[in-house]
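The values are calculated or read from the model by the stated rules, or taken from the named source; none is laboratory data. Source: prediction; values computed, not measured. FYI the Cβ positions are ideal-geometry reconstructions off the backbone, even for glycines, and counts take in every protein chain you see.
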Amino acid sequence: MTAAAARSAALHLRHTGLRLLLHGRGGEAQALHAEAQWWAADILRARQWGWLQDILRAAWDAGEFYAARMAESGPPPLDPARFRRVPPLTRRDLARQLRQTAAARRAGLMRTSGGSGGAAVAIPLDRDTYAWYVAGTWRGFQWWGVEPGDPVALLLGRSQGSPLHALLALAKDRVINWHRFPVDPAFDDRAAGIVRAMERLRPALLYGYPSALHRLVRAIRAGGLRLRARPKAVVLTGEPLYVFQRQAIAETFGCPVVEEYGSGELGSVAFECPHGALHVTAENVYLETVAAESGGERVLATQLRNRLAPLVRYEIGDIGVIDAEPCGCGRGLPTLRILGRDRDRLERAGSRSLARPLVERFLGALPEALHGRVRIVHPAAGVLVVEVETAPDAAEQPDRLVRAARETFTGGWRIEVRPVRRFERLPSGKLPYFALGAQGAT
Ligand SMILES: [Zn+2]
């Protein structure tokens, strides 16, 4: 066999491998995702309302749990007003639901949520449903020119915070040309080696946590390394994406940086289009918002495809805005803006405001050398701790950090600086840049 024929055979194998994984049971999901994105918004909305009724019926039929929760709304079909009488599903409710359907759980695949909003929750998932979970992510990759068979580098942790995780559990990575670089507590020490491995791999797509990709950027800059191959895109998922990360990653990798919003419980929820809008995966989830106690609107998601473990009006835990304005890309999918995590609030003098906007502003205003090395801990009302990783070659200036923090966090905060040797990633591999509680360091 000639080299060209061998390459062609390998490519054919990769296409076949992906087809088996994605299309084998997911032909319907793939086809609908390809088509429905171009439907007019009102047609999509009407069809989505129909899918919602189907899943409500499945939830109602599944047993006592949802029948009890729908006591006020009555049985499906539900009009919008009655639908809103179904109480929002918290993570604790979900755990109770899953205990009640433990038997079904043994029959399907398992997904575990990232656990960033509390204890990890395992979601039962059969393979048909799984195809729906990943179809949105796969469509998003294609918006950026990524094709089956393209080499992909995955930089994800154990949290299963990405919709692709269960697929990865099934996949023979080499067959589909995906390469994993696990984000674990030792990831940061291996950053330079991973960059060298990327050089050999020449991935068309890098997919992973923002903090992990940004750590590679720091290794590239510190080592004076140059990447010879430019990826088609870097897709970031699983953690909040800060502007400083997006800019540094775009500059260093020389390609578009794209945000995906998803979760282990729900699958793909939204994906950024080439016009910069985060489009809701309307074929997979129905999103709505309700007023939050401390201000803003909480995002609720109803999973439209998982009949094994229906999630109806599930509390994602984020504050956000859903918009139906048309996007320049022409897609009728609604758009989503996430403003921050509901529980991540800055509390002072009886007021509770979303932490995210101010933390974003503070981190973005820091000198580049401190990007990724500073985070905010909020241990008690009125108190902020600026944690900074000490660099061996630089004397940190705590006074300067306090002054910088005072410019953003104005009015009456007690601000302390705490040098730490290094930030530890969570067991999930994630690295939050804002944390409630004492946090602490090594
Ligand atoms: Zn768009």
Every pair of residues 6+ apart whose Cβ atoms lie under 8 Å, when the first sits in segment 228-247 and is in contact (Cβ under 8 Å) with a residue 12 or more places away in the chain while the second is among the polar types (S, T, N, Q) and not in a loop (DSSP other than H, G, I, E, B): 236/245; 239/211; 245/211
Residue identified as over 12 Å from the mean Cα position of the chain (by Cα), surrounded by fewer than 23 Cβ atoms within 10 Å (Cβ to Cβ) and more than 16 Å from the ligand (Cβ to nearest atom) among 254, 328: 254
Complete set of residues in segment 348-398 that are closer than 16 Å to residue 419 by Cα and either among the charged types (D, E, K, R) or not assigned by TED's automatic domain parsing to the domain that holds residue 431 (or both): 373, 375, 387, 389, 393, 396
Matching residues in segment 215-251 - criterion: being within 21 Å of residue 141 (Cβ to Cβ), touching a helix residue (DSSP H, G or I) at 6+ places or on another chain (Cβ under 6 Å) and surrounded by fewer than 23 Cβ atoms within 10 Å (Cβ to Cβ): 249
Cross-chain or 6+ apart pairs with Cβ under 7 Å, segment 175-202 first and under 21 Å from residue 158 (Cα atoms), then assigned to a helix (DSSP H, G or I) and among the β-branched types (Val, Ile, Thr): 181/194; 195/220
Residues located in segment 261-286, provided they are within 16 Å of the ligand (Cβ to nearest atom) and without any contact (Cβ under 8 Å) to a residue 60 or more places away in the chain: 275, 276, 277, 280
Selection status of residue 337, more than 21 Å from residue 49 (Cα to Cα), touching a Gly at 6+ places or on another chain (Cβ under 9 Å) and within 16 Å of the ligand (Cβ to nearest atom): yes
Qualifying residue in segment 287-300 (condition: away from the ligand (no atom under 16 Å from the Cβ) and farther than 20 Å from residue 339 by Cβ): no
Options 346, 358, 384, 336; residue that is in contact (Cβ under 8 Å) with a residue 24 or more places away in the chain and part of a helix (DSSP H, G or I): 358
